[in-house]
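Please read the structure below before turning to the comments.
Rule-based calculations on the coordinates, nothing more; no lab input. Keep in mind that this is a model prediction, so the values were computed, not measured. Ideal geometry is used to build each Cβ from the backbone, glycine not excepted, and the neighbour counts take in all protein chains shown.
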Amino acid sequence: MGYIRGEGRDQGSLFPVCLDELVPEEHLVRVIEAYVARLDLHRLGFSKARASKVGRPAYDPADLLKLYLYGYFHRIRSSRRLEAECQRNVEVMWLLGQLVPDFKTIADFRKDNGVAFQATCRAFVQFCRQVGLIGGQLVAIDGSKFQAVASRRKHLSLARLKRQQARLEAEIARYLSDLDEADRAEAGEGIDRGAVKTALEQLQARHADNLTCQVLMQAQGLEQFVIGESDAQLMRTQQGARVAYNVQSAVDDKHCLVLHHEVTRDGNDTRQLQPMAEASQAVLAQAQLTVTADAGYSNGEQFHACEEAGITAYVPLNRGINNHGKGMELFDRSIFTYDAEHDRYQCPAGQWLLLKQVRGMERIYAISGDCCACPLQSRCTNSKRRHLTRHAHESAFERMQQRLKARPDMMAKRRSIVEHPFGNLKQWIFGNGRFLLRQLGGASTEMALAVQAYNLKRAIQVLGARRLIELMA
Ligand code: SF4
């Protein structure tokens, strides 16, 4: 028995095969073609969206947009690799009518149209909303760190520079004393003066660089700085400390589509609940919205602001436990009863804790005397007097706790909604890699393309390519 054999390479054909026959009816490229055809690229802000009447014709931004959507869908983000796909990939040939733009043209298009890519991403979300792919019942918010185009070695911090300065000064002093020692000795045997002088000059140059960096950072009020990627920050990630951006996403519960995303410089999520929830509200055009997020978003001020904006949030509280220090917990604040009318607390021993001090957003309460005579003291405090801190938005924290008690299923729901997109974005599109473009603008451009590819994939999975093409027509 032989093998299955292909056709000979020099075999002719009576009816030549056309490109369209090679692409199935329900293929991704046909969806991309239909989607880009319905976009008003000029209104979205793409450069050269109106063909110039003079000069050499440029590539149509529609073609380059199609190429990028296809590329991000298939984890091909580099402009050189996209150029290669134009030359060898039948699907891309179909999509671009066999055009082969060079990598520089492809790269420049992405670099110059960041804002337009973000507008296109928003336009696709609106399309999904119009065709009923987005429910707007519940929105889950989450953040994840994506590595920037800089290694940890490029990160400078004032504290580290100061430590380095002290070390350099100690080393310079040691080398100088070695040279003095050699001068005092008879002939300086045992010491290579030339080598010591060279090492000393290198140390002095590093010391001067160090001082210059410190002066420049202090002049700009910076605590940390990343060389070549000044927008990024050193952040804690699952792989340890990395120079990264914090990508926020708001995901709709109906089909896990990303409603809104934002690339931020914040190392944590504590200030992201309100802006993300309000942005989702605007995307959905809803006066009322329910959102959920993890404990990293716990922030009394923002809980209060969300309530004011008609947003019902479900976020676990992230507050310190009153620990004894030997594994034993002291009385929790919830045991103390707040008397709103007189702005005071009653403790388990029946004493009144009165307002003693206001420190920023914190109000501190304590009893008038000390707690030494109280039989409950050992279970209440390690000090002479128990102090109780109340946040300026304590009532918002309390309402949040009550809401969570009434909906214990909310956290499981949050996980099932929001962790799906991030898993996909990180592994499927970024291949656990880093951004390719520098600075906040570049990272935002890439994330807009990645989110759009993710949403497109979800829409095809839910509706099917044929139905999606019909809806886009
Ligand atoms: S230790 Fe002080 S605050 Fe605590 S229960 Fe006793 S009297 Fe009240």
Inset, instruction - Please name whichever of 395, 225, 361 sits farthest to the positive end of the charge dipole of the chain, dipole taken about the Cα centre and charges placed at Cβ: Lys and Arg +1, Asp and Glu -1. - result: 395
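At 10 °C and 1.306 mPa s, grab the translational diffusion coefficient of the range 224-277 from Stokes-Einstein with a Kirkwood Rh over Cα pairs, rounded to a whole number in µm² per second. Display every interim value, and only then the final one.
Working: Rh = 12.6 Å.
Rounded, D is 126 µm²/s.
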Inset, instruction - Enumerate the calculated ³J(HN,Hα) couplings along the range 456-468 in order (Karplus 6.51 cos²θ - 1.76 cosθ + 1.60, θ = phi - 60°), each rounded to whole Hz, writing x wherever the residue is Gly or Pro. - result: 4, 4, 4, 4, 5, 5, 7, 9, x, 5, 4, 5, 5
Legend entry - 3J(HN,Hα) from dihedral phi, the range 139-149, Karplus parametrisation 6.51/-1.76/1.60, rounded to Hz, x for glycine, proline: 10, 9, 10, 8, x, 8, 8, 10, 5, 8, 7
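Using 32 Å as the Cα-Cα cut-off, could you pick out the over-long pairs in 413/457; 111/162; 104/426? Before the final figure, lay out the partial values.
On the way: 413/457 22 Å; 111/162 37 Å; 104/426 26 Å.
With Cα atoms farther than 32 Å apart: 111/162.
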Legend entry - Debye, to nearest 20: dipole size of the chain, +1 on Lys, Arg Cβ, -1 on Asp, Glu Cβ: 600
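Using Stokes-Einstein with the Kirkwood hydrodynamic radius over Cα pairs, what translational diffusion coefficient do you get for the range 52-175 at 20 °C and a viscosity of 1.002 mPa s, in µm²/s rounded to a whole number?
In µm²/s, the coefficient rounds to 112.
If you average the sequence gap of Cα pairs under 8 Å that are 6 or more apart and divide by the length of the chain, what percent do you get for the contact order?
Details: 670 pairs, mean separation 93.1, N = 473.
Contact order relative to length: 20 percent.
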Inset, instruction - Can you tell me the equivalent ellipsoid semi-axes for the range 330-473? Use √(5λ) from the Cα gyration tensor, largest first, whole Å. - result: 54, 19, 15
Legend entry - Cα centroid separation - the range 1-30 against the range 406-447, whole Å: 39
Legend entry - Nonlocal amide H pairs with residue 290, under 5 Å, H built at 1.01 Å: 139, 312
Legend entry - Per-residue ³J(HN,Hα) for the range 285-290, Karplus 6.51 cos²θ - 1.76 cosθ + 1.60, θ = phi - 60°, Hz, x for Gly and Pro: 6, 10, 6, 10, 8, 10
Inset, instruction - Mind checking which lysines have their Cα closer than 27 Å to the Cα of residue 384? Skip sequence neighbours fewer than 8 apart in that chain. - result: 326, 356
Legend entry - Percent breakdown of C-alpha pair distances by 10 Å bin, ordered from the shortest bin, for the chain: 4, 14, 19, 18, 16, 12, 9, 5, 2, 0, 0
Legend entry - Diffusion constant of the range 1-47 at 25 °C, which comes from Stokes-Einstein with the Kirkwood Cα-pair radius and 0.890 mPa s, µm²/s: 164
Legend entry - Rounded Å value of the spacing that divides the Cα centres of the range 283-297 and the range 209-232: 37
Legend entry - For the range 173-291, fraction of C-alpha pairs farther apart than 23 Å, in %: 61
